[in-house]
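The values are calculated or read from the model by the stated rules, or taken from the named source; none is laboratory data. Since we're looking at a predicted model, the values are computed, not measured. Neighbour counts run over all protein chains shown; Cβ positions are idealised from the backbone, glycine included.
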Amino acid sequence: MSQNKSPESPSRKMHRKIRNAQQRVKKVSAKATAAAATGAKLVPAPEVKNPHAAAIDVHSDNHVVCVGPDQVQTFGAYTVDLHALADHLKQYGVTTVVLESTGVYWVPLFELLESRGFEVFLIEPSQARHCGARPKTDVADCQWLQRLHTYGLLRPSFRPPESVLALRGYWRQRQMQVRYAASHVQHIQKALEQMNVKLTEVAADIMGLTGRRIIEAILRGERDARLLASLRDPTCKKSEEEYAKALQGTWRPEHLFALKQAYALYRFHHEQITECDQRVAEELARLPNRAADKPFQPRPRRCGRKSNEVRFAATEPLFQALGVDLTLIDGIEINTALMILAEIGVDVSRFPTEKHFASWLRLCPQLEESNHTRKKRSPRRGKNRLAQALRMAAQAVSRTKTPLAVFYHRIKGRLGGKGAITATAHKLAVLVYRLLKHGADYVRQSMEEYAAKLKEQMERSLRRKAAQLGYDLVPKTPAAQPS
C-alpha cells in the first residue's frame, strides 16, 4: 500500500525551485558553449536601452533601492529619507527610475523624484509578476525591476499631465462624498421603515423636494399624517390621500434619533460636495482655452437637474477646456464629461489608436490563441473609473431612442445585457477618443441613416452567403397594381 507523503515545507519548496532554476541555467549555458564550439549562430544579447536606470521596491515604512546588480540600499519612508534617496540616485548618475504602484505609498516618492528631474516609470505589479523561479524578496524584486528597466522591457502606466492632476484629485474626492451621502440615504430608508412610514412606496425619490420636506417636518415634531401629506409637490403621481395613508407611523424615539443623525450626515456630505464643486470650478478656470473662437451652443436639457449633478454652470468652461463638446454624444452628460477630463486630460496622443484607448479602459476582449484555436475572450480584469462611468452612460443610453440604443439591443440579443453594456461603452470610448484627437464636431447619426446602414450590411452579408452556396441574390420586383 502507498504511504501518504508529508506536505513539503515552504522553505524546502523554495530551495527546490531555486535548484531547478540553477539546473536549467546550466543546461542553457552548456548548449550555448556547444553551439559556440560548432560555429552555430547564437541569439544576440538584449540591447541596453536605459544604462542609467534604477528601481525602487516601495513599502509603507521603507523603500529598497537598486542602482546596479549588486548595489542595493534601504531607505526609510519619511520625507527626509525621500530626499536622501533622491541624493543617492543623483550620486550614482541615475536618470530614470522604475517603481510599482503599491497602494498610495508611491505617490509622494513619485512626485518628489519628478520634481528632482528624474524620468519616473510607474508600472503595474503584473508586469514583473511572471519572473521564473527567483526567490521573492524585496532585494530580489528591485534587482529584477532594475534589470528589466535597463533593457527597456517595462511600459509605464498612463498618468495625466500635472495641470489635470489637481482637477482629478478634487473630482475623486467629490465622488467619494457622493458615495458617503448615498449610504446615509439607505440609513434614512431603514429608519423610516422601522417606524412603518412608507415614504419610499409613494415617493420615487425620498431625497427629492417632497421627501425632504416631509422628513424635515417629521424631525421638527409633526406627526399628523394629513399635514405631512399636504407638503407633497402638486406634480407627484400619488394623491394626497395615498401619502396620508403611507405617512402613519409608530414614531419610536430611537428610530427618530437614527433618522435625525442620518439626515444630518446626508446634508453634511452634500455641503462637502458643494465645496468640491467650487474647487473643480476653480481648476476648470485655470485650464487653457482650447476652443479659441468656436461658437458654443449648449445642448438642451431633456430632464430636470439631478441631485448629484455639479452645482455650477460647467458646460461652457468644460467646452473651453476640451475644445469640443462631449455632451453632444448620446449618453455623455456633464458629470461624465468632467470625469473624462479629470481622468485623461485633453491629450490622448499617449494612445496611438482608439483600440489602444479601449484596451487601456478594459472595454475590449483580449485575444488568447493557441495552435490556431481561440480561447475564451473576455475583457481584462481590473477597475477603471472612466470605464465605470462609460458603462453607466451606456446603460442610460440604452433607454433612449437613438442609434446607440438600437446597437445596444442588437448586441443584447446575442451577448446578453452585460456584453451589450461593454460593447456600447466601447463605442462611446471610440467616439470620445475621436473627438479629443481630431477635434472635429460630433455629427449625430439619425435613426434613418442608421437603419439604412444596417440594411446595407445585412444585404452584403446575404449576398456573400448566397455566393458561397452557389446562388444569386435577386431583389424582389414589386407586384403590378390591378387596373
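Scanning the range 377-384 finds no residues that are within 15 Å of residue 329 (Cβ to Cβ), modelled with pLDDT of 85 or more and assigned by TED's automatic domain parsing to the domain that holds residue 437.
Within the bounds of the range 204-214, is there any residue that is over 20 Å from residue 264 (Cβ atoms) and either without any contact (Cβ under 8 Å) to a residue 40 or more places away in the chain or surrounded by 14 or more Cβ atoms within 10 Å (Cβ to Cβ) (or both)? Yes, the conditions are met somewhere in the range 204-214.
Please work out if residue 140 is assigned to a helix (DSSP H, G or I) and either in the same structural domain as residue 114 (by TED's automatic domain parsing) or farther than 30 Å from residue 336 by Cα (or both). Criteria met by residue 140. Checking the range 319-330 against the condition returns a match, with at least one residue being hydrophobic (A, V, I, L, M, F, W, C), without any contact (Cβ under 8 Å) to a residue 60 or more places away in the chain and buried (at least 16 other Cβ atoms within 10 Å of the Cβ). Could you check how many residues of the range 262-291 are free of Cβ contacts under 8 Å to residues at least 12 places away in the same chain and of a type in the set (Gly, Ala, Ser)? Counting residues in the range 262-291 that are free of Cβ contacts under 8 Å to residues at least 12 places away in the same chain and of a type in the set (Gly, Ala, Ser) gives 1. Exactly one residue out of 98, 94 is part of a loop (DSSP other than H, G, I, E, B), surrounded by 19 or more Cβ atoms within 10 Å (Cβ to Cβ) and in contact with a Phe, Trp or Tyr (Cβ under 8 Å, 6 or more places away or on another chain): that is 94.
Of the residues in the range 225-233, at least one is part of a loop (DSSP other than H, G, I, E, B), over 25 Å from residue 183 (Cβ atoms) and among the hydroxyl-bearing types (Ser, Thr, Tyr).
Of all the criteria given as (1) at pLDDT below 90; (2) surrounded by fewer than 17 Cβ atoms within 10 Å (Cβ to Cβ), the one not satisfied by residue 165 is (1).
Condition check for residue 439 on (1) in contact (Cβ under 8 Å) with a residue 60 or more places away in the chain; (2) closer than 23 Å to residue 362 by Cα: one failure, at (2). Could you list, in sequence order, the residues of the range 226-247 that are closer than 17 Å to residue 193 by Cβ and buried (at least 17 other Cβ atoms within 10 Å of the Cβ)? Residues satisfying the conditions are 228, 243, 246, 247.
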